[in-house]
1. Any idea which residue in the range 65-99 is most open to solvent (accessible area, probe 1.4 Å), counting only those that are of a type in the set (Asp, Glu) and at pLDDT below 95?
2. Working carefully through the options Glu296, Glu290, Glu274, find the one that is under 22 Å from His192 (Cα atoms) and among the acidic types (Asp, Glu).
3. For the condition more than 22 Å from the chain's Cα centre (by Cα), closer than 25 Å to Lys162 by Cβ and in a helix (DSSP H, G or I), what is the one hit in Lys245, Lys306, Lys285, Lys293?
4. Any idea which residue in the range 100-126 is most open to solvent (accessible area, probe 1.4 Å), counting only those that are of a type in the set (A, V, I, L, M, F, W, C), at pLDDT 85 or above and closer than 21 Å to Lys85 by Cβ?
5. Quick one: in the range 160-202, which of the residues that are of a type in the set (Phe, Trp, Tyr) and open to solvent by less than 50 Å² (accessible area, probe 1.4 Å) is nearest to Trp244 (Cα to Cα)?
6. Considering only the range 131-153, I want to know if a residue exists there that is among the aliphatic types (A, V, I, L, M), closer than 22 Å to Trp275 by Cβ and open to solvent by 10 Å² or more (accessible area, probe 1.4 Å).
Amino acid sequence: NWLNTHDIEEDNLMAALEWAEEYSPEEFCWLAGSLAWYWMYKTKLVLGKQLLETAHSMATSKPEIQARVLHGLGYFLCMFNEVEKGIKLTKESLKIWRSLDNLQEQAFVLTQIGSFYSSKPSDIESRLLYTEQGLEIARQLGKPGLINHCLSSLCQILVHSKQFERGLPYVEDLIESSEMLEQPWGIMSARHYHSDCALAQKDYQEAERRYGLGVSLGVKYGNEWIAFADMQGVAFALSGQRRWKKSLRLNAASVEKSRTMGVSLAGMLEFWDEWIDTYIEGAKKELGEELAKQYEAEGIAMGFDKAVEYALDFEKD
């Protein structure tokens, strides 16, 4: 598939980008914008942001190239918590695609705006409006992959706004459609939201199992973002079971992995921050400062690969 082809050709793609940056700025912008999805998927967020920032600083005469660069850079800025600037660029991309009457790209960008518009309760309906517009266009076009992508965004908004019961049927639809399409990102996202719903219902053992599956999928598909996010989810579920030692070890391993990638889940989503406070800070209070620091140090020392094995051994504390 396309992902495997890009993995095989990654060194050649980087060489082409280096050459184009020096000798053909417009080709550099085209390639950087076209590869934004790949850096997103592989969670090479720092690299993607650097490439798109460079492309954005260059002039291009082709609106399609400009729109892809704006969309890609908008995504990466949002991932690094520069949401206001990221949304501004993404809306500029949408304006270009509308002027070109490109419905497919409009649907992609609309759902992206919906995903990152804001986490504030007052903005939820605005986010839903953007996403529903994208989903409507996707259905008009009759493209299953695009419909699946837009459905994923709808699930994200409902789960992230803590509308877990309302979102659960859509999440279950997303699992089914993603697996039918063999769409890795949809599968991973759907399984993550499914885990969130179990934790919100305080079904801690089921949440541990579901987040554990998410860790496995992140490793299988080479998506480190999903792997460390779901590992932190496992830590939440363990804390809910009062298995604080393992919870703090896995949380520390997850946070350390995210730190090496230059990103942080803390401060990104209100409900996730609430769970960090409830389950991680709560575990530290139960154990006391000395033991908490000891277990966190042990989690960091085991490294992420060993932490994955530890997380997936559901019987081990």
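1. Selected residue: Glu84.
2. Sole residue among the options that is under 22 Å from His192 (Cα atoms) and among the acidic types (Asp, Glu): Glu274.
3. Exactly one of Lys245, Lys306, Lys285, Lys293 is more than 22 Å from the chain's Cα centre (by Cα), closer than 25 Å to Lys162 by Cβ and in a helix (DSSP H, G or I), namely Lys285.
4. The extreme case among them is Phe108.
5. The selected residue is Tyr193.
6. no
Matching residues to (1) within 18 Å of Trp37 (Cβ to Cβ); (2) assigned to a helix (DSSP H, G or I):
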{"position": "Ala55", "(1), (2)": "yes, yes"}
{"position": "Met58", "(1), (2)": "no, no"}
{"position": "Phe76", "(1), (2)": "yes, yes"}
{"position": "Lys91", "(1), (2)": "no, yes"}
{"position": "Val109", "(1), (2)": "yes, yes"}
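Listed here are the residues, each with its yes/no results for (1) within 22 Å of Asp277 (Cβ to Cβ); (2) surrounded by fewer than 22 Cβ atoms within 10 Å (Cβ to Cβ).
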{"site": "Tyr204", "(1), (2)": "yes, yes"}
{"site": "Glu208", "(1), (2)": "yes, no"}
{"site": "Tyr211", "(1), (2)": "yes, no"}
{"site": "Gly222", "(1), (2)": "no, yes"}
{"site": "Phe228", "(1), (2)": "yes, no"}
{"site": "Gly233", "(1), (2)": "yes, no"}
{"site": "Ala237", "(1), (2)": "yes, no"}
{"site": "Arg243", "(1), (2)": "yes, yes"}
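The values are calculated or read from the model by the stated rules, or taken from the named source; none is laboratory data. Keep in mind the model is a prediction, meaning the values are calculated, not measured. In this analysis, Cβ positions are derived from the backbone assuming ideal geometry, glycine residues included, and neighbour counts consider all displayed protein chains. Protein only, heavy atoms only, side chains kept; ligands, DNA and RNA dropped before computing areas. Shrake-Rupley method; radii C 1.70, N 1.55, O 1.52, S 1.80 Å.
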